[in-house]
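Below: the structure, in structure tokens.
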Amino acid sequence: MSIRARLAIGFALLLGLLFAVAALPLQRLEALTARTADIVDRQARLAILSQRANQHAQAAAIGLLNLMQTGERAARVPLYAAMDADIAAADMAVADIEMALLNPATRANIERIADLRQRYGDLFQQTVELIEIEGAAAARRHFEDRTQKVLNTLLFETQALETRLLETMQAELEQLGAAALHARRLVIFLAAGALVAGIAMAWTIARSIVVPVREAVAVAERIAGGDYLTAVANGRRDEVGALLASLATMRDSIASREERISRLAYVDPLTGLPNRTRFLEILGMPPAGSRGALVMLGIDRFAPINNALGHAVGDRLLCQIAARLCEVQGKGCTLARLWGDEFALLLADVDCTAAARHAERILAALRAPMMVDGQRLDIDASLGIVMYPRDGDDGATLMRRAQRAMALAKRRRAGYGFGDGDEGEPAHEELSLIGEMREALARGDFLLHYQPKLDLAGQRIAGAEALLRWRHPEQGMIAPGRFIPFAEQTGFIREITPWVLARVIADAAQWRRDGIAVVVSANLSALDLLNRDLVGLVRRLLDESSLPADRLCLEITESALMDEPELALQHLNELAALGVKLSIDDYGSGQASLAYVKTLPVHELKIDRAFVDGVDTDAKNAAIVRSTLLLCRELGLTVVAEGAETPAELAWLADNDCDLVQGYVVARPLPLDDFLAWIEAVAPDPAVLA
Ligand code: C2E
Ligand code: MG
Ligand code: MG
């Protein structure tokens, strides 16, 4: 039943009860008033009538006594008329009393009074006749002996009747009083009953509304608290039932909307995997005391695939990669796509060995050829693994270290590699250096030192390498090892290199004008090699300075070719086509083989200092350097031995036909003016160095 109907019925019942409680006493009161009025009325009438009967009977008796004392007949005549009138009036009063009192209790009294009145009438008549016939004396005797006695009895009886009537009426009044008391009790009882019934009804109705409304409130609170699973119990057909049904509908639509929103916020739309936000959230709340591994995965050479085959193919490839990763995901592993070609995995409860095994499984799965749009694609990936809590206990640190481990694995083409804690991360003072770099460049705090390269066969200074220095206002001269890695990480190297190239080319052009015939070398970073503006910049600078391209040599490390080999190689080819010399720096410190170097358009190879160090005494280094020299000769590459510090090393290198030597034994990196002065002093006879 609806709440409206319930309330309507409740109020109707209450009003009905109220009306009954009010109407009943009214009706009883009316009846009591009518009865009381009737009794009072009858009582008054009967009292008057009996009084009248007595008065007239006595008046007739007095008239009779007067008659007896009146001697003259003519004087008695008017007295007769008065007496007759009194007798008639007394008779009428008695008749009226007879008429009014039909009550059987008083019937006997009435009959006795009527009888006495009859006898009194007869004796009265006889007394009157005796007055006329035998005289007053005889009449008086008759009167005293008989008439007066009957009159007295009559008066007594009417008096008795009156008393009786009064008693009867008194009893009736008492009855009425009892009835009034009864009526009062009934009214009180009914009023109390109505009150109790009203309270009970109000309580029942209120309860029948309040309880379901409370249920509805509880449902609304559950929805507000995000509980969309608890079913809304609803068997009701009233307004609250309708409210509960709307709440259930509202809950369902909020749940589905929330699910849609969290899907948008937390799910990668391309692969359906958790996205970076979700992954960081999961990573941010590992259960206390838990351990495991965070694996960052990047697809090798994804950008060229994307560029060559189009983004649609790239997207489908990413979906297939995600599917493969899901296949090897395993229990307790959370997989997410961070962005682009980067994925991340959280492996709960694993040690290094298990994490490495998992990484190998992933690599094996990804290396199996993939078919995208009918094309066979062979892809590879690099994985960086960090263990928690060993390598970090917060998400940001773990992500950063895993990213670095991944970049390292990519550079080394190692497949996967483990993070190395905080090694390689900027210390506090480095962080402040990073912040100051931009300002330093603008202020002209960077400068170049030049380190000569000695041509051993020709015994002349054939070249010089430009090495960057930072003249810090507080810290003095800062070596590039302290800021170049961070400039590379932050991308600021993109602003440093053009400055270095401009400076180097301008200096070399000046030297050429001054008749100093050296090839100047500048170092390039991996990011520079991927910079699409690099070749254009070099071409423009050479044109502007009129420096022949072969007077410029650009040094790159093997690792610079690892991130996006295709693009890097394309730029190398373009630079080589310009006529610029290219050099492989720090050869031997990485994984690159000479077979690989052979495929690059390079002219020069710089053997890393680690192999040159003690080459005259260390047999292993000697073997490596000697074989490298032999092979490079075969391949037509000029070899520079880096970091030769002693004359003995220099002599060994000369004996083994090394082309060029760069090291402290020749000269340290020198400021421009010192370098020029040094050239002037030494160049005519470099043999003095030996
Ligand atoms: P690099 O290109 O291999 O430069 C040679 C480094 O070896 C220089 O260190 C040089 O001072 C040092 N060296 C030369 N001979 C000897 C020797 O006999 N003994 C020892 N112990 N060291 C020797 P530097 O100047 O500190 O530069 C370090 C690295 O910083 C460079 O290695 C290069 O990779 C990088 N770098 C320097 N300038 C630039 C630059 O302008 N751009 C870029 N991208 N990198 C630069
Ligand atoms: Mg170099
Ligand atoms: Mg080097």
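The packing ranking of peptides 319-327, 87-95, highest mean first, is 87-95, 319-327, where packing means the average number of other beta carbon atoms within 10 angstrom of each residue.
Taking the empirical scaling 2.2 N^0.38 Å for compact globular proteins as reference, the range 40-157 has a Cα radius of gyration ratio of 1.13. Per-residue ellipticity at 222 nm from helix content only, as computed over the chain with -39500 (n - 2.57) for each DSSP H run of at least four residues, stands at -21000 deg cm²/dmol.
Does a label point 7 Å from the Cα of residue 664, set along Cα-to-beta-carbon, have any residues of the range 440-457 with amide nitrogen under 18 Å, and which are they? Counting only backbone N, you get 449-454.
Given the Cα-Cα distance of residue 459 and residue 220 and 0.36 nm per residue of separation, how much length would full extension add, in nm? Please list the in-between numbers first.
Working: separation 239, 0.36 × 239 = 86.04 nm, distance 9.17 nm.
Here the answer is 76.9 nm.
With R₀ fixed at 41 Å, the C-beta to C-beta distance from residue 103 to residue 80 puts the FRET efficiency at about 0.65. Rolling a 1.4 angstrom probe over the protein heavy atoms with all chains in place gives the chain an accessible area of 51 Å² per residue.
Using the Cβ-Cβ distance between residue 257 and residue 495 with R0 set to 45 Å, the FRET efficiency from 1/(1 + (r/R0)^6) comes to roughly 0.45.
Legend: residues 628, 230, 334, 33, sorted from most to least accessible area (1.4 Å probe; ligands, DNA and RNA excluded), read 33, 230, 334, 628. One quarter of the convex hull surface built on the alpha carbon atoms of the range 50-112 amounts to 4.4 nm², the projected area averaged over directions. Multiplying the residue separation of residue 414 and residue 280 by 0.36 nm and removing their Cα-Cα distance gives an extension gain of 45.6 nm. With a simple spin-label model that places each label point 7 Å from the Cα along the Cα-to-Cβ direction, the separation between residue 311 and residue 672 comes to 4.5 nm.
Compared with the alpha-carbon gap, the fully stretched path from residue 566 to residue 122 is longer by 143.3 nm at 0.36 nm per residue.
The order of 410, 331 by accessible area, most exposed first and with a 1.4 Å probe, is 331, 410. Label reach from residue 195 (point 7 Å along Cα→C-beta): in the range 15-33, no amide nitrogen lies under 11 Å.
Relative to the compact-globule estimate of 2.2 N^0.38 Å, the Cα radius of gyration of the chain comes out at 2.55. In the range 298-388, what percent of the accessible surface is made up of carbon and sulfur (1.4 Å probe, ligands and nucleic acids excluded)? Of all accessible area on the range 298-388, carbon and sulfur atoms account for 53 percent.
Once you list every other residue whose beta carbon is under 11 Å from the beta carbon of residue 473, what net charge do they have if Lys and Arg are +1 and Asp and Glu are -1? Result for the local shell: -2. Summarising the label geometry, the points placed 7 Å from Cα in the beta-carbon direction at residue 265 and residue 506 lie 5.3 nm from one another. Spacing of the modelled spin labels on residue 550 and residue 111, each 7 Å from Cα toward Cβ, amounts to 17.6 nm.
Applying a DSSP loop filter and a limit of 12 other Cβ atoms within 10 Å to the GluC sites (Glu not before Pro) in the range 1-106 leaves 72.
First compute the accessible area of the range 586-626 with a 1.4 Å probe, then give the percent of it belonging to carbon and sulfur atoms. Can you show the working numbers first?
Details: 1010 of 2060 Å².
Heavy-atom surface of the range 586-626 belonging to carbon and sulfur, 1.4 Å probe: 49 percent.
The values are calculated or read from the model by the stated rules, or taken from the named source; none is laboratory data. Everything numeric here is computed off the predicted structure, so don't read it as measured data. Here Cβ is always computed from backbone atoms with ideal geometry, including for glycine, and neighbour counts include all displayed protein chains. Remember, those area values only see protein heavy atoms, side chains included, never the ligands or the DNA or RNA. Shrake-Rupley method; radii C 1.70, N 1.55, O 1.52, S 1.80 Å.
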